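Values quoted throughout were computed directly from the atomic coordinates according to the rules given, and no laboratory measurement underlies them. Since this is a predicted model, take the numbers as computed values, not measurements. Cβ placement follows ideal geometry from the backbone for every residue including glycine, while neighbour counts extend to all protein chains displayed.
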Amino acid sequence: MNRIPTTALIRTSLGILLAAITATTAHAVDNFWQHDPATPGDWFGAANWTEGIPTPDVWRTYINNGGTVQIMAPGGNTEYLCLGENSGDSGTVHLSGNGQLSTDESIIGRGGKGTFIQTGGIHGFLFSLGLGSQGTYELSGTGQLSADMESIGGKFIQTGGINSVGDYIFVDSQSGSQGTYELSGTGQLSSGADEYIGGSGKGTFTQTGGTNTVGWNLFIGTWEGSEGTYTISAGQLSATWLAIGKDEGSGGTLNITGAEADISVSWTLLFGPGSSLAAVRGSTIRMTRMTYAEGGGLENQSTDPEALAGLADLRLIFEGDEEDLDLFEVAGADFGVEMAGFDRNFTLGTLQLGSDAGVGQVQLVDLFDNQENGDGDEALYVNNLILGDGSLLDLNGRNLYYRHLTDLGGTVELNGGSLAQVPEPGSAILLILAALCLLAGPRMVRNSRCGGK
Ligand SMILES: [Ca+2]
Ligand SMILES: [Ca+2]
């Protein structure tokens, strides 16, 4: 079984990628596009290049003169492609129809401006695709793009087609600008390993449709100094480990702006020290079963309940099977059976154990001192608690307070903890009035405030 890559490994991979992207000078022969930039030209026209049609073995291929290259047939092949090498340079490629282009490495907008528009065909790499700050990639229609690594320091707009990343994708810029990825329509993005939205720089991912399937880790804000934002209103997002604001000094924000967004995490959802969550009411994250590792669950290393205010509008569904026990970090200050406990206290909107997809089993833990007041004193406040048939809730010595309970046949194990309903403010007043009436005795029963309906 593969392991989640360590930070050191990831940093090394990033280093290799960036080194590869910046190593562009000193090559045997460089081949430049020389066709009149006033009109588009054909990749396969020998006279359009200073050294003839690009070949994979010898030449590096540059489009710097503001021209537009069309690729509408199979067979395009070069070791290295650069659109917009230096400041003031620019170049565009249109890949469409049955067009095919293979390269080891492509840089779209290195020091200048580069645009790659793919409406069909196949764009494949042995290694990497890099977008500089003025690099734009538009993928639509039936276009297929694949690379081991992609580094998006510019803008990637995918409205259709398939972007298949073998290992890593970085939506990340360290040049003062930010990398952006817009996924919509029928677009499919997948990565074999990890996606970084803000690795050590800035990155923004906006999903209004399509699917984003992350093989292992989705980092939204990763290392110190990073800023990552993932905004999703619709479409599917799935990851094994979803980590938001992972490291101290990082900033990671998950914005769920549409309740129909389909988000699932098969192992661990981490709210790190730099995490923020905003969610519209009805937002859902499903914690599914990872087939090849036990455990996982909700980790919370935040000390800022305001930053995670979106939890109050979030439904967290744990679904798996009897082999799968997820841990759930409690983070709230324990106010006891008091409404105050629901106020900016890492309160969760809905905790649902089990669904049509299978039973849910959760064990509460308090492994991190979210309140910064000493260990082992935190509790969980939940507006709606739903215990599905066959599900298990192990309080494990922690206290859980809820406002509404739907028990469809679940099991609760206290193990030294407690499960208590906090009465609604209205019902609390009625209870107090009733108590006053009882204390006052028959004399006050005649008073309409107590006796009347
Ligand atoms: Ca805790
Ligand atoms: Ca504590």
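Listing for the model above:
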read-out: Structure-based [θ]222 nm, the chain - -39500 (n - 2.57) summed over DSSP H runs of at least 4, per residue, nearest 500; value: -2500 deg cm²/dmol
read-out: Tally of Lys pairs whose C-alpha atoms are under 25 Å apart, taken over the chain, 8 or more apart or cross-chain; value: 5
read-out: Selection of GluC sites (Glu not before Pro), segment 239-342, meeting DSSP coil and at most 16 other Cβ within 10 Å; value: Glu248, Glu260, Glu294, Glu306, Glu322, Glu323, Glu338
read-out: Computed Kirkwood radius, in angstrom, where 1/r is averaged over Cα pairs of segment 260-308; value: 12.2 Å
read-out: Whole-percent pair-distance distribution, where bins are 20 Å wide, for the alpha carbons of the chain; value: 24, 43, 22, 8, 2, 0
read-out: Fewest-first sequence of Val337, Val29, Val69 by Cβ atoms within 10 Å of each Cβ; value: Val29, Val337, Val69
read-out: FRET efficiency, 1/(1 + (r/R0)^6) with R0 41 Å, evaluated for Asp104 and Glu323 via beta carbons; value: 0.40
read-out: Cα gyration tensor shape for segment 156-220, rounded if a/c is under 1.5, else prolate or oblate; value: oblate
read-out: Net lengthening on full extension, Thr411/Ser87 (0.36 nm per residue, minus Cα-Cα); value: 110.1 nm
read-out: Whole-number percent relative contact order across the chain, with pairs defined as alpha carbons under 8 Å at least 6 apart; value: 6 percent
read-out: Segment 318-410: C-alpha gyration tensor shape, a/c 1.5 cut-off, then a/b vs b/c; value: oblate
read-out: Prolate/oblate/rounded call for segment 186-279, Cα gyration tensor, a/c under 1.5 rounded; value: prolate
read-out: Hypothetical label at Ala38: residues of segment 55-78 whose amide nitrogen lies under 19 Å (7 Å Cα-Cβ projection); value: 64-70
read-out: Highest average packing first - 372-380, 114-122, 356-364, 71-79, Cβ atoms within 10 Å; value: 114-122, 356-364, 71-79, 372-380
read-out: Coordinate range along principal axes, alpha carbons of segment 83-165, Å, largest first; value: 32, 21, 19
read-out: Cβ charges +1 (Lys, Arg) and -1 (Asp, Glu), total dipole of segment 198-354, debye; value: 580 debye
read-out: Fully extended contour minus Cα-Cα distance, from Ala234 to Asp389, at 0.36 nm per residue; value: 52.9 nm
read-out: Potential lengthening between Thr303 and Arg403 on full extension [0.36 nm per residue; Cα-Cα distance subtracted]; value: 33.6 nm
read-out: Taking Asp394, Asp57, Asp104 and counting other C-beta atoms within 10 Å, the order from fewest to most; value: Asp57, Asp104, Asp394
read-out: Fewest-first ranking of Thr142, Thr268, using other Cβ atoms within 10 Å as the exposure measure; value: Thr142, Thr268
